[in-house]
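Shown next, in structure tokens, is the structure this report addresses.
The values are calculated or read from the model by the stated rules, or taken from the named source; none is laboratory data. On a predicted model such as this, the values are computed, not experimentally measured, just so you know. As a convention, Cβ positions derive from the backbone with ideal geometry for all residues, glycine included, and neighbour counts pool all protein chains shown. Each accessible area value is taken on the protein alone, full model and side chains, heavy atoms only, with ligands, DNA and RNA left out. Shrake-Rupley method; radii C 1.70, N 1.55, O 1.52, S 1.80 Å.
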Amino acid sequence: MIDNMPEKTGKSLDEWKHLLQGKSFSKHSEAVKFLKTEYHVTHGFANTIVTLSKEENTLEADLVELQYKGKENLKPVFTELISFVTSLGTDVTIVPKKGSVSIIRKRQFILIKPSTKTRIDLGFKLKDKPITSRLENSGPFGTMCTHRVRISEVAEIDSELKGWIKEAYEKST
């Protein structure tokens with residue numbers, strides 16, 4: 001998505017960050033609306049630009065650490081997911097946010113969110129994939145994802161889950 005930004009929006013991420021530096025928005029949604037209204041940027045690009053512009057002042061590692069504060073038992077699950085995702089290809093971008101981590105190829109294909117003290121919700125973009133007892137409806141992710149899987153321990157990152165992650169990666173071209 002970031003690589004396609006100049007072609008799709010007319011500016012690079014650095015140019016968008018520079019443009020937003022002079023603005024002060026009290027809410028994330030105000031900055032997104034500004035980019036959509038004034039520059040006709042799609043919602044996905046506007047949201048990514050605003051998120052990455054805000055996060056420049058916060059180290060990515062700090063964002064992840066904050067997500068897992070009080071949920072340290074889930075950190076090995078997160079680490080294992082990141083290890084697998086980065087093994088899929090060099091075109092994977094990891095974008096930590098305040099409450100989740102987006103995994104992007106040309107577009108987001110999974111979202112990692114520590115939802116409770118004992119569970120990570122892994123959101124997927126897998127259009128036309130049937131819902132199962134494990135591969136659930138997207139639930140709290142709404143339209144950002146089509147499915148979710150609840151993960152509580154590293155052992156649940158099995159071949160079935162890795163298959164779904166790989167499928168989402170391959171479909172995100």
> Percent of accessible area on the stretch 1-57 owned by carbon and sulfur, 1.4 Å probe?
Replying inline: 46 percent
> If R0 is 41 Å, what FRET efficiency do you get for F84 and K36 from their C-beta distance, rounded to 0.05?
Replying inline: 0.75
>> Tell me the relative contact order for the stretch 1-119 as a rounded percent, counting alpha carbon contacts under 8 Å between residues six or more apart.
In response: 23 percent
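Taking R0 as 35 Å, what's the FRET efficiency between R119 and L19 from their Cβ-Cβ distance, rounded to 0.05?
So the FRET efficiency works out to roughly 0.35.
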> When only DSSP loop residues count, what GluC sites (Glu not before Pro) in the stretch 131-173 have their Cβ near at most 15 other Cβ atoms within 10 Å?
Replying inline: E153
> Of (1) 122; (2) 187; (3) 133, which is the value of volume of the Cα convex hull per residue in Å³ derived from the coordinates here?
Replying inline: (1)
> For M144, M5, what's the largest-to-smallest order of accessible area, 1.4 Å probe?
Replying inline: M144, M5
>> How large is the accessible surface of H40 in square angstrom, using a 1.4 angstrom probe and rounding to the nearest 10?
In response: 150 Å²
> Taking the Cα-to-Cβ direction at R134 and at Y68 and moving 7 Å from each Cα, how far apart do the two end points lie in nm?
Replying inline: 2.3 nm
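Please identify the helices of the chain, taking whole runs of DSSP H, that span at least 15 Å along their own axis as judged from the Cα atoms and have a mean Kyte-Doolittle score of -1.0 or higher.
28-39, 43-55, 75-86
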> Mean projection of the alpha-carbon convex hull of the stretch 73-128 over all orientations, in nm²?
Replying inline: 4.3 nm²
